[in-house]
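To start, the structure under review is shown below, and the notes come after it.
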Amino acid sequence: MKSIIKSFTLLILLAIFVIACKKQLDVKNPNQPNTETLKTENGIVAYALGGVYQNGFRSTKYGDGVVGEAFFSFVNGFHSLLGDETGIEAANVYANQVGCPDKVTYNGGVTSIINPGTPNRSTLVLREKNTNSSAGANPLYYEWSWMYALNNACNIVLENVDIVTFSGDAVTKKAVLKAWAYWWKGYAYSRIGSMYYAGLIVNSSLLVSPTPSGNYVSSAAIITESNSNYDKAAAILNPLVVNSTYTATLAKLIPDFCQVGKGLPPTPAMWVRNINTMKARNILVNKTQAAMTATDWTNVLTLTNAGMLSTDYTFTARSNSTSDLMSTSGGTIAAKTSGVAGSNTYKVSERLVQDYRAGDQRKANNFILASSPWIGNVDRGNAFHTRWGLKSAGNGIAGVIVYTNNSAAGLSEFYIAGTWEENDLMKAEATLFSGGSIATATGLIDGVRTAQGAGLAPIGAVTLVQAQDELRSERRAGLAFKGLAFYDARRWKVIDPVSAGGGRTNCWFNSSAGLFYSDCTIDYNYLDYWDVPDNELAYNPAAAGSAPVKNPKQ
C-alpha cells in the first residue's frame, strides 16, 4: 500500500537535524534510513526536531513554489483565500478557482458577475481534482500530507524515547521529548479535524504498523483525539519545573534561528497555557457560532481563562539566510502578499481592509493604497481586483505592528500555534455569547488593539450587538494573516450560500472596469469541510463501518 501516510515513512525516518550543518533541516539518505540513529540521545533529539519542522512543515512529495513554498504560505494560503483575507489570480493548484466566489452583485443590485467557471465551482473543482492521478495538482493533498507526516514523526519519537539511554537528568529529557511529541500530535489532529470531513487516527508509526488503517472517523472524532494528545502533553508538563536540563533539551528541539522574541522555548506553564488556547480553538472553530451551546461557551471561557498571556513564548517559524524552514520573501501568507496592489501572489482583499475601524493605525502602517485599482485577468476570478498592497516592514509608524518584514533574513515570522491575542479574543467572544459582562469583553478587545498599536479609542458603552461586531472586526484585523480567516468565515456562515443565510453584504468591491463600489454582495458558496484526499483513498480505501469520507454538501 502506498497511501500518503505510508509514503512519508522513509522521508521522516531521516529527518535528522545536523547541528554542525549550515542548513538547519537536512534530510540525509532518504532511501536508506538508519533506525539505529533513533536509539541514541543525540539521534532522537535531532530526529524530533527534523521530524517536526522539516517533514511537518517543509518537505512533501509534491509542491508548488508559485502559490507557496511550504506549509505556512501554501496551506495557510488556501485558508486565507477561503476566508476572503486575500485573493489570487494564479491558477497553480487551481487556487484561483478554489477561492473564487460563486457570484458578486454590485451597483445597487443591478450588476452581477458570476464565477467564470460553473456555479458552485469552488466545490466542483475540489472534487474534479481530488484524484490520485492529479498528484500535486490536488489542493486537498497538502494539509493532509504534511499533518500526517508530522503525526508519524511524533509516533516514532514516542516509540523510541524509552529505549534510549540518556545522560544526566534522563527523566526530564524523556519528559520533554514525550510532551513535544504529544503536543505536535495534538496540533496535527487539530488541523486535520478542523479542515477535513473525516480522518484517520494513527497512533503507531508505520515502522510498527506498516499497513495503514482504513478506519476513517468523523472530523469531530479527530478533534477529540487532538484534545486527548494535548491533555497527555499537559499531564507531562504540569509537574515539570524549569531547570537547565529542561531548557537545554527544549532548545535543541527548536531551530535556533526561530528562538527569537516570542519564539524562545516556553516554560512548562507557558506551554500548558498554549495547550489550553489550542483546545479552546478546537471548540470554537468547529461549530458555527449559532450552533455553540452554553456548555461550549463555558468550556471556551474556562480554557481561555487558563490560556496564553501576553508575556508567554510560543512556537514560531522564522526565515534565515539559507531558507532552511522558509524564505524571507515567500515563507508566509503576508510575505507572499506584500508589494503594491496586485504585484505579488496573493492580493489584499478589499473586504479585509474594510474591516479596520476608522483611524486604525494598523491599517495606516501596513497597507498601501494605489491611485487606481489593480485589475487582473477577468477570466480568473470575480473578486480579487484590489486597490491595496501590503507594505513590507510597514510605513514607519512607531509602536504599531507590521504584518510582514521581508527586508532581511530572520525578520519574516509566522506563529505556528496560538497567540495571546487569539486567546483574549476567544475569551471576549465567549463572554459576550454566554451572557457575561459586555464591558469585560470589550476591554479584552481594547487590550489587543492597544498592544498592537491600533491607536483607537476604547470601545466604551455599546449594545451586545455592537460589541459582537467589534469582536468580529477585531478578529479580522488583530489576527490578520495568522491562518484563521477561513475558520471564522465558516463558523460565521459567511461561506454559505446567500440563499441559506450566508454570504456578505454591503462590502467593498472593484469592478473589472476599474470602478470601486461599497455596496457589494458576495455569494461565496464554499465547502465547509474538505473531502478526504484521493491520494490517500486510492491506496487506503475506507474500511467497512468507516465514517463517510466525502462531505455530503454539494
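Identify, please: which residue in segment 26-72 is surrounded by 23 or more Cβ atoms within 10 Å (Cβ to Cβ) and modelled with pLDDT under 70 and is, among those, nearest to the chain's Cα centre (by Cα)?
Here the residue is Gly68.
Can you work out which of the residues in segment 481-509 that are of a type in the set (A, V, I, L, M, F, W, C) and in contact with a strand residue (DSSP E or B) (Cβ under 7 Å, 6 or more places away or on another chain) is surrounded by the fewest Cβ atoms within 10 Å (Cβ to Cβ)?
The residue in question is Val498.
Of all residues in segment 471-509, count the ones that are outside any helix (DSSP H, G or I) and under 21 Å from Thr431 (Cα atoms).
4
Could you list, ordered by first residue, the pairs with Cβ atoms under 6 Å in which the first is in segment 228-251 and farther than 20 Å from Phe166 by Cβ and in contact (Cβ under 8 Å) with a residue 12 or more places away in the chain and the second is charged (D, E, K, R) and outside any loop (DSSP other than H, G, I, E, B), at least 6 apart or interchain?
Asn229/Lys185; Tyr230/Lys279
Here are some residues: Leu124, Leu81. Which one is in contact (Cβ under 8 Å) with a residue 60 or more places away in the chain and either under 14 Å from Asp523 (Cβ atoms) or of a type outside the set (Gly, Ala, Ser) (or both)?
Leu81
Hey, among the residues in segment 438-456 that are under 26 Å from the mean Cα position of the chain (by Cα) and among the hydrophobic types (A, V, I, L, M, F, W, C), which one's surrounded by the most Cβ atoms within 10 Å (Cβ to Cβ)?
Ala441
Can you confirm whether Ser323 is touching a Phe, Trp or Tyr at 6+ places or on another chain (Cβ under 9 Å), farther than 20 Å from Gly394 by Cβ and surrounded by fewer than 24 Cβ atoms within 10 Å (Cβ to Cβ)?
no
Out of everything in segment 376-429 that is surrounded by fewer than 19 Cβ atoms within 10 Å (Cβ to Cβ), among the polar types (S, T, N, Q) and at pLDDT below 95, what residue ends up being nearest to Asn282 (Cα to Cα)?
Top of the filtered list is Ser407.
How many residues does segment 448-465 contain that are touching a helix residue (DSSP H, G or I) at 6+ places or on another chain (Cβ under 9 Å) and either part of a helix (DSSP H, G or I) or closer than 17 Å to Arg281 by Cα (or both)?
Residues meeting the conditions: 4.
Give the residues of segment 330-343 that are under 16 Å from Ser319 (Cβ atoms) and assigned to a loop (DSSP other than H, G, I, E, B), sorted by residue number.
Gly330, Gly331, Thr332, Ile333, Ala334, Ala335, Lys336, Thr337
Would you tally the residues in segment 526-554 being outside any loop (DSSP other than H, G, I, E, B) and over 21 Å from the mean Cα position of the chain (by Cα)? Break it down into steps so the answer makes sense when it comes.
Going residue by residue through segment 526-554, those that are outside any loop (DSSP other than H, G, I, E, B) are 530, 534-537.
Next, only the ones that are over 21 Å from the mean Cα position of the chain (by Cα) stay: 534-537.
Total satisfying the criteria: 4.
Looking only at segment 491-528, count how many residues are of a type in the set (Phe, Trp, Tyr), more than 22 Å from Gly108 (Cβ to Cβ) and touching a Ser or Thr at 6+ places or on another chain (Cβ under 6 Å). Before the answer, list the steps.
Residues of segment 491-528 that are of a type in the set (Phe, Trp, Tyr), as a first pass: 492, 508-509, 516-517, 524, 526.
Checking which are more than 22 Å from Gly108 (Cβ to Cβ) leaves us with 492, 526.
If we keep only those that are touching a Ser or Thr at 6+ places or on another chain (Cβ under 6 Å) as well, we get 526.
Count: 1.
Determine whether segment 510-526 contains at least one residue that is buried (at least 20 other Cβ atoms within 10 Å of the Cβ) and over 15 Å from Ser112 (Cα atoms).
Looking through segment 510-526, at least one residue is buried (at least 20 other Cβ atoms within 10 Å of the Cβ) and over 15 Å from Ser112 (Cα atoms).
Take the residues in segment 541-554 that are of a type in the set (S, T, N, Q) and in contact with a strand residue (DSSP E or B) (Cβ under 8 Å, 6 or more places away or on another chain), then tell me which one is surrounded by the most Cβ atoms within 10 Å (Cβ to Cβ).
Asn551
Please enumerate the residues belonging to segment 450-464 that are under 15 Å from Trp420 (Cβ atoms) and either of a type in the set (Phe, Trp, Tyr) or touching a residue at least 60 places away in the same chain (Cβ under 8 Å) (or both).
Result: Ala451, Gln452.
If I filter segment 221-244 down to residues being of a type in the set (Val, Ile, Thr) and buried (at least 18 other Cβ atoms within 10 Å of the Cβ), which single residue comes out as farthest from the chain's Cα centre (by Cα)? Lay out the reasoning, then the answer.
Of segment 221-244, the ones of a type in the set (Val, Ile, Thr) are 222-224, 236, 241-242.
Checking which are buried (at least 18 other Cβ atoms within 10 Å of the Cβ) leaves us with 222-223, 236.
On the way: Ile222: 17, Ile223: 15, Ile236: 26 Å.
The extreme case among them is Ile236.
In contact with a strand residue (DSSP E or B) (Cβ under 9 Å, 6 or more places away or on another chain) and hydroxyl-bearing (Ser, Thr, Tyr): which single residue out of Thr304, Thr345, Thr322 fits that description?
Result of the check over Thr304, Thr345, Thr322: Thr345.
The values are calculated or read from the model by the stated rules, or taken from the named source; none is laboratory data. Predicted, not measured: the structure shown is a model, and the values here were computed from it. Cβ sites come from the backbone with ideal geometry, for glycine too, and all protein chains shown count toward neighbours.
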